[in-house]
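Undergrad: Next up is a structure, given as structure tokens.
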Amino acid sequence: MGSAGEKLDLELDEEIPFSSSQGTIKIDSLHYEAPHIASPRSYRSTRVLRKMYQISLLRSIYIVIIKAKINVLLPFGPLAILLHNLTGKHTWVFFFSLLGITPLAERLGYVTEQLAFYTGPTVGGLLNATFGNATEMIISLYALNNGMMRVVKQSLLGSILSNMLLVLGCAFFSGGIIHHQKVQVFNKAAAIVNSGLLLMAVMGLLFPAVLHFTHTELHFGKSQLALSRFSSCIMLVAYASYLFFQLKIQPNLYSSVSEDEEHNSADSEEEEAPEITQWEAIGWLAVLTIWISVLSGYLVDAIEGASDSLNMPMSFISVILLPIVGNAAEHASAIMFAMKDKLDITLGVAIGSSTQISMFVIPFCVVVGWFMGKPMDLNFQLFETATLFITVLVVAFMLQEGTSNYFKGLMLILCYLIVAASFFVHVDPSND
């Protein structure tokens, strides 16, 4: 009997999705004439739909939580909270929080890509950059609330450097190795626009630092902060204008560089399909963001203790270690798209993320600090500002030809190693 009942349920499962319009009309007429005849069928349909919903939910949990190999690091998050409450050892809490956030950041990027199937490529790229930077923004807001302005500045600066040198370098290197038999090309116009925005961000960070270190402020300690807040508002307006330009005025700015690439992209999009539904993706975005927020609080609280116990500079932890974790989503996405010869999307992820941090996240933190009564400004010190300026110039020269190869990627990676070594021996003069 049990097998017969299961067979009946399976037959019902097959009948319901493929029922024709005539069958629907017939059921409606039966329901109108004799409700007691249609009610058992309605009950069975409700039960089948409930089973289908449960199966869909379990499948979604399997895809997001269990399927990815990087999720073996997920237990380190609860372990970090447990260690914080039981032992208070900042070093272990810091590293366990770091390991626990890494798969969450990668899964956040994956769920955003799934949501992009339903929103379109332009809005999807914007969502990917936004939620890809959610980890950095959450960590920054926690540090800002604790008055750790230098951690905010250095972690955001490190995220920009990581995206422009390490993420883009690994993507160019991987794509160049896979497609060594041809020259990979991308849309040069999009790269130039992003390079211009990054140079504008450097300008916004440079003037407060120069004003401070040349001692030419009209009101010492106040003019620098006022200039930073004014420049932040201007940068937010510029970024909003850029979004309007990208989404409304010239939505095809990031289109492929040739018709062949458009056809290849269309063919690959036909092969790819979303693995979870739209509402499941939205729900997972909320769950992952909340869990990242919880772990970010423990991570920020343990930074200073970890720096002291490891005898490691705070600048190295903030500029190098934190951004590598926060950029896990961008790193995986950029390399994957480069290996698929979709360099336009790779640039949108790597350079677009750097543009969003420099033109939106940093000014946003200044404005939020303004409302919180925190003296958050755009003075990133001369060493950090010079590092960002040289990095933007190097990447702009790499992108000006509109082509990429593995050698360009290798040069960007080596440049990042120089930056990492510089911050390892750098002593932060500020005591913020």
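Undergrad: Hey, what do the phi angles of the range 415-428 turn into as Karplus ³J(HN,Hα) couplings, whole Hz, using 6.51/-1.76/1.60 and θ = phi - 60°, x for Gly and Pro?
TA: Per-residue couplings from phi come out as 4, 5, 5, 5, 4, 4, 5, 5, 6, 5, 9, 8, 9, 6 Hz.
Undergrad: Rounded, prolate or oblate: which one fits the range 153-252, using the alpha carbon gyration tensor with axes a ≥ b ≥ c (rounded when a/c is under 1.5, else prolate when a/b beats b/c, else oblate)? Intermediate values should be presented prior to the final figure.
TA: On the way: a/c = 3.55, a/b = 1.82, b/c = 1.95.
Oblate, because a/c is 1.5 or more while a/b does not exceed b/c.
Undergrad: T385 accessible area, nearest 10 Å², 1.4 Å probe?
TA: It works out to around 10 Å².
Undergrad: Could I ask something else about it? In the full protein assembly as shown, how much of H331 is accessible to a 1.4 Å probe, in Å² to the nearest 10?
TA: 50 Å²
Undergrad: Could you please state how large a percent of the accessible area of the range 281-361 is carbon and sulfur, counting protein chains only and using a 1.4 Å probe? Write down the numbers at each step before the final one.
TA: Details: 1670 of 2370 Å².
With neighbouring chains kept in place, the figure for the range 281-361 is 70 percent.
Undergrad: Going 7 Å from the Cα of Y118 along its beta-carbon direction, which residues of the range 276-290 have the amide nitrogen within less than 13 Å of the resulting point?
TA: 276-286
Undergrad: Just check the range 277-432 against the gyration tensor rule for me: Cα atoms, a ≥ b ≥ c as the square roots of the eigenvalues, rounded for a/c under 1.5, and otherwise prolate or oblate depending on whether a/b exceeds b/c. Mind showing how you got there, number by number?
TA: Details: a/c = 1.63, a/b = 1.14, b/c = 1.43.
In terms of gyration-tensor shape, oblate.
Undergrad: Tell me the label-point distance for the pair N85, I70, using the 7 Å Cα-to-Cβ offset, in nm and rounded to one decimal.
TA: 2.8 nm
The values are calculated or read from the model by the stated rules, or taken from the named source; none is laboratory data. No experiment lies behind these values; they were computed from the predicted model shown. Cβ: placed from backbone, ideal geometry, glycine included. Neighbour counts: every protein chain shown. Accessible surface areas use protein heavy atoms only, side chains included; no ligands, DNA or RNA. Shrake-Rupley method; radii C 1.70, N 1.55, O 1.52, S 1.80 Å.
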